[in-house]
Structures are given as C-alpha cells and as structure tokens.
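Input: a single structure, listed below in structure tokens.
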Amino acid sequence: MHTLLLWDIDGTLLLSGGAGERALQVALRDAFGLTDSIADIELAGRTDRWIARRVLGRFHLPETDESIARYLDAYLNILARELARPGGQILPGVPEILALLARRSDIAQGLLTGNLRRGAEIKLRAHGLWAHFPFGAFADDAELRNDLGPHALRRAREHHGVAFPPDRVFVIGDTPHDIACGQAIGARTIGVATGRYSVDDLRACRPTAVLPDLGDAAAFLAVIA
C-alpha cells in the first residue's frame with residue numbers, strides 16, 4: 001500500500017441539499033434563541049468550528065469553547081433530521097470510483113473534511129458511504145483547514161502502518177480551501193468542480209489536476225496512477 005487518498009465530503013462526495021446550512025440556522029435558534037440569518041457567512045471549505053466562531057462573532061455572542069460546543073451540539077442534534085428531507089444526493093461517479101478503489105490493495109482512503117467527526121458520519125451514513133473511510137481528520141482536530149492535514153497523515157500511518165510519502169498523497173476537494181490544505185502538507189491535489197467553484201476557479205489554485213466531476217473513473221484513475 002503506497003497511495004493515500006484523502007477526501008472532502010460536501011460538494012465532493014455528496015450534496016446535502018442544504019441540510020447543513022439549515023441545521024446551522026436552526027441550531028442558532030435552539031442554542032441562543034436567535035432567528036437572524038447566517039446566509040452571509042462563508043461555509044464552503046471551512047471547518048465547522050471556524051463557521052461556529054464566525055456565527056457567534058456575527059451576533060456578538062461569546063466566542064468561547066463552551067459557546068462553540070453548545071452551538072455545534074445543537075447543530076449535530078438537528079443534522080440527521082434535516083438530511084432526511086429530500087434534496088440530498090451522492091454526486092455522479094462517486095459510488096463507482098469508491099467501489100473500484102476499495103478493490104485496490106495499493107490504495108488507502110480516508111477523510112480530510114471540515115465536518116466534525118460525528119457530522120461526517122451522519123452525512124456519509126445517510127448515503128451509505130461511511131464504511132469506505134476508516135480514518136480521517138475532522139473539525140474536532142483543528143479550527144483551521146490547513147491544520148488538518150498532519151492529523152490525517154498520522155491516522156493513516158497508525159491505521160495502515162505505512163508512512164505515505166507526500167508525492168503519493170492526494171487531497172480531493174471542491175474548493176480552493178481543499179487545495180490549499182493539501183498543498184500545506186506537500187500533497188498532490190485534485191480539484192473537482194461539483195461545488196460552488198468552476199473548473200477555472202480551481203485551476204487558478206494550481207492543483208495537480210482539475211476534473212469537472214467524478215463521472216469519468218478512467219480520468220480519475222489516470223491522475224492517481
């Protein structure tokens with residue numbers, strides 16, 4: 001085993017149909033009694049802890065660990081209910097690629113996501129994808145996305161007993177933040193234009209490769225060959 005793939009979730013593996021945003025909005029009401037909109041706060045590519053801090057600051061709430069935990073606990077309690085509403089979907093090609101990779105003894109797969117671990121599990125279990133990812137790095141580990149990579153590498157090494165060299169680590173995501181996160185650990189990066197950013201937007205970040213989506217398994221496998 002010599003190649004490590006680290007996947008983002010939202011906008012890369014699946015779309016939640018706005019469930020995450022709705023859960024964050026309702027959590028603001030449940031945790032703090034506020035009904036103000038969070039629509040102007042950047043969500044894509046950020047960690048849940050980063051988002052929580054920005055929401056608290058936006059409404060002049062204390063940005064303490066206790067307040068962040070209170071808000072995110074409320075969010076997680078609401079998330080599964082919101083995911084049950086129509087609108088979520090696995091993105092094209094994802095099941096086929098994950099199934100192909102699962103049969104490859106030379107490839108390890110994990111997560112590198114801004115979701116809290118429990119949130120990642122809720123989202124991926126809702127779509128039957130959780131079993132593909134035995135380890136990962138999550139918002140529980142760090143508030144800044146670029147600080148997550150070392151946690152993912154450490155867990156990959158602990159899980160597989162292999163120290164994956166940077167030129168055989170691929171970080172896959174749909175935002176410039178995913179690409180920057182991979183570059184921060186010297187990994188190769190694959191931008192996938194299935195989120196809010198176009199092929200040109202992602203290409204401007206100088207990733208290893210950019211794909212319009214994951215519908216062409218051969219094209220994806222060629223990048224990681």
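Considering every residue within region 9-23, establish whether at least one is more than 16 Å from the chain's Cα centre (by Cα), assigned to a helix (DSSP H, G or I) and under 21 Å from residue 113 (Cα atoms).
Within region 9-23, the subset more than 16 Å from the chain's Cα centre (by Cα) is 22-23.
Okay, now just the ones that are also assigned to a helix (DSSP H, G or I), so 22-23.
Among the residues that remain, those that are also under 21 Å from residue 113 (Cα atoms) are: 22-23.
Yes, region 9-23 contains a residue that is more than 16 Å from the chain's Cα centre (by Cα), assigned to a helix (DSSP H, G or I) and under 21 Å from residue 113 (Cα atoms).
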Mind checking which residues of region 117-151 are in contact with an Asp or Glu (Cβ under 7 Å, 6 or more places away or on another chain) and without any contact (Cβ under 8 Å) to a residue 60 or more places away in the chain? 117, 130, 151
Take the residues in region 30-51 that are touching an Asp or Glu at 6+ places or on another chain (Cβ under 9 Å) and in a helix (DSSP H, G or I); name whichever of them is surrounded by the most Cβ atoms within 10 Å (Cβ to Cβ). 48
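Here's a check for you: in region 140-177, which residue that is of a type in the set (D, E, K, R) and loosely packed, with under 14 Cβ neighbours inside 10 Å is farthest from residue 204 (Cα to Cα)? Lay out the reasoning, then the answer.
Filtering region 140-177 for residues of a type in the set (D, E, K, R) gives 140-141, 143, 145, 147, 154-155, 157-158, 167-168, 174.
Subsequent filtering for residues that are loosely packed, with under 14 Cβ neighbours inside 10 Å retains 158, 167.
Numbers: 158: 34, 167: 21 Å.
Taking the candidates together, the pick is 158.
Give the residue that is farthest from the chain's Cα centre (by Cα), with candidates limited to residues of region 185-209 that are surrounded by fewer than 17 Cβ atoms within 10 Å (Cβ to Cβ) and not in a loop (DSSP other than H, G, I, E, B). Talk me through it step by step, then tell me what you get.
Filtering region 185-209 down to residues surrounded by fewer than 17 Cβ atoms within 10 Å (Cβ to Cβ) leaves 186, 196, 198-201, 203-204, 206.
With the extra rule that they be not in a loop (DSSP other than H, G, I, E, B), the set shrinks to 199-201, 203.
Details: 199: 18, 200: 21, 201: 18, 203: 19 Å.
The extreme case among them is 200.
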Is at least one residue of region 68-86 more than 24 Å from residue 140 (Cβ to Cβ) and in contact (Cβ under 8 Å) with a residue 60 or more places away in the chain? yes
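Applying the selection to region 128-139, what residues are buried (at least 18 other Cβ atoms within 10 Å of the Cβ) and either in a strand (DSSP E or B) or not aromatic (Phe, Trp, Tyr) (or both)?
Looking only at region 128-139, we keep the residues that are buried (at least 18 other Cβ atoms within 10 Å of the Cβ), and these are 129, 132-133, 135-139.
Matches in region 128-139: 129, 132, 136, 137, 139.
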Per the list (1) over 18 Å from residue 121 (Cα atoms); (2) touching a residue at least 24 places away in the same chain (Cβ under 8 Å); (3) surrounded by 15 or more Cβ atoms within 10 Å (Cβ to Cβ), residue check on residue 56 breaks on (2)
Residue identified as at pLDDT 95 or above, under 13 Å from the mean Cα position of the chain (by Cα) and outside any helix (DSSP H, G or I) among 172, 179: 172
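Only one residue in 147, 141 is of a type in the set (D, E, K, R), more than 24 Å from residue 95 (Cα to Cα) and in contact with a helix residue (DSSP H, G or I) (Cβ under 6 Å, 6 or more places away or on another chain). Which one?
On the way: 147 fails: in contact with a helix residue (DSSP H, G or I) (Cβ under 6 Å, 6 or more places away or on another chain).
Only one candidate passes the filter, namely 141.
Quick check: anything in region 154-163 in contact with a Lys or Arg (Cβ under 7 Å, 6 or more places away or on another chain) and not in a helix (DSSP H, G or I)? Quick ask: steps written out before the conclusion?
In the first step, residues of region 154-163 are kept if they are in contact with a Lys or Arg (Cβ under 7 Å, 6 or more places away or on another chain); the result is 163.
Filter once more, keeping what is not in a helix (DSSP H, G or I): 163.
Yes, because at least one residue in region 154-163 is in contact with a Lys or Arg (Cβ under 7 Å, 6 or more places away or on another chain) and not in a helix (DSSP H, G or I).
The values are calculated or read from the model by the stated rules, or taken from the named source; none is laboratory data. Since the structure is predicted, the reported quantities are computational estimates derived from the model, not experimental observations. Reconstructed Cβ throughout: ideal geometry from the backbone, glycine too, with neighbour counts over all protein chains shown.
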